[in-house]
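Here the structure comes first, spelled out in structure tokens, and everything after it is commentary.
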Amino acid sequence: MRTPSTLNERWRVQLPSGLMRMDLSLDAEQQQKLLDYLSLLDKWNRTYNLTAVRDPAEMVSRQLLDSLSILPLLSGREIADVGTGPGLPGIPLAVARPELRFTLLDSNGKKCRFVQQAKIELRLHNLTVVRSRVEQFVPDNHFDMVLSRAFASLPDMLELSAHLLASDGCMLAMKGALHQEEIDAAAKKCSGIMIHTLKVPDTKGERHAIVFRKVV
């Protein structure tokens, strides 16, 4: 039977096990915040359809661990998560790295309302929620890194988000399987690409992070 208590017990086993397999260290308070976020997301998702992941057995791996897989690749202090949806990967990253500042951007009103509620309930003081289309958003200050998880094709991401970056900033796109044509098209819009293979426990298929530097 699917109840909050049974979900929490399952997740309480999956999360520390996954973190250990990924060689990531989060304290008990951080892990509890991640579980609280997952509970809130599961609750809202039943009404507002915020994410396609509905199987509780997959939520830790596909939502939390997948987001946290790019922790070692973060750079700078000011980070934007464009097309964040229900706060992925931005909320798990903000929990894990409270010393950094995250701006989560999405044009969908109900998803932004959820992210704002999650920010309040989890007391994430290092997180700002912005409802806007990425191409229309003009930040007060440029970002050291711009993240994207299933937001757009690589060339479109670079084109739409380039104005958000500081002059020495970089972009990071999370992708599944890679397509050479997409990589080649994106390469024309920047001067450097690094491709990292991501290891996410209990997740099927390939996962990659593509880091772009000196985007033009």
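The values are calculated or read from the model by the stated rules, or taken from the named source; none is laboratory data. All values reported here derive from a predicted model rather than from experimental measurement. Note: ideal-geometry Cβ built from the backbone for every residue, glycine included; neighbour counts use all protein chains shown.
Identify the residue in segment 4-37 that is among the aliphatic types (A, V, I, L, M) and closer than 18 Å to Arg97 by Cβ and, among all such residues, is surrounded by the fewest Cβ atoms within 10 Å (Cβ to Cβ).
Ala28
Of everything in segment 172-187, what is at pLDDT below 95 and either in contact with a Phe, Trp or Tyr (Cβ under 8 Å, 6 or more places away or on another chain) or of a type in the set (S, T, N, Q) (or both)? Give them in sequence order.
Gln180, Ala186
Can you give me the number of residues within segment 123-156 that are under 21 Å from Leu68 (Cβ atoms) and surrounded by 15 or more Cβ atoms within 10 Å (Cβ to Cβ)?
Summing the residues that are under 21 Å from Leu68 (Cβ atoms) and surrounded by 15 or more Cβ atoms within 10 Å (Cβ to Cβ) in segment 123-156 gives 13.
Residue by residue through segment 196-216, note down the ones that are at pLDDT 90 or above, under 18 Å from Ser148 (Cβ atoms) and part of a loop (DSSP other than H, G, I, E, B).
Residues satisfying the conditions are Leu198, Val200, Glu206, Arg207.
Given (1) more than 21 Å from Thr51 (Cβ to Cβ); (2) free of Cβ contacts under 8 Å to residues at least 12 places away in the same chain; (3) basic (Lys, Arg), where does Lys189 come up short, assuming only one miss?
Checking Lys189 against (1) more than 21 Å from Thr51 (Cβ to Cβ); (2) free of Cβ contacts under 8 Å to residues at least 12 places away in the same chain; (3) basic (Lys, Arg), the one that fails is (2).
State which residue is nearest to Thr103 (Cα to Cα) when the search covers only segment 133-157 and only residues that are assigned to a helix (DSSP H, G or I) and in contact with a Ser or Thr (Cβ under 7 Å, 6 or more places away or on another chain).
If we take residues in segment 133-157 being assigned to a helix (DSSP H, G or I) and in contact with a Ser or Thr (Cβ under 7 Å, 6 or more places away or on another chain), then Val134 is nearest to Thr103 (Cα to Cα).
Of the residues that sit in segment 159-195 and are assigned to a helix (DSSP H, G or I), within 22 Å of Phe102 (Cα to Cα) and small (Gly, Ala, Ser), which one is nearest to the chain's Cα centre (by Cα)?
Ser161
Return the pair list, or none, for Cβ contacts closer than 6 Å from residues in segment 109-131 that are touching a residue at least 24 places away in the same chain (Cβ under 8 Å) and part of a strand (DSSP E or B) to residues that are buried (at least 19 other Cβ atoms within 10 Å of the Cβ) and not hydroxyl-bearing (Ser, Thr, Tyr), at least 6 apart or on different chains.
Here the result reads Leu127/Ala94; Leu127/Phe102; Leu127/Lys119; Val129/Leu104; Val129/Cys112; Val129/Val115; Val130/Leu105; Arg131/Cys112, each pair linking segment 109-131 to a residue that is buried (at least 19 other Cβ atoms within 10 Å of the Cβ) and not hydroxyl-bearing (Ser, Thr, Tyr).
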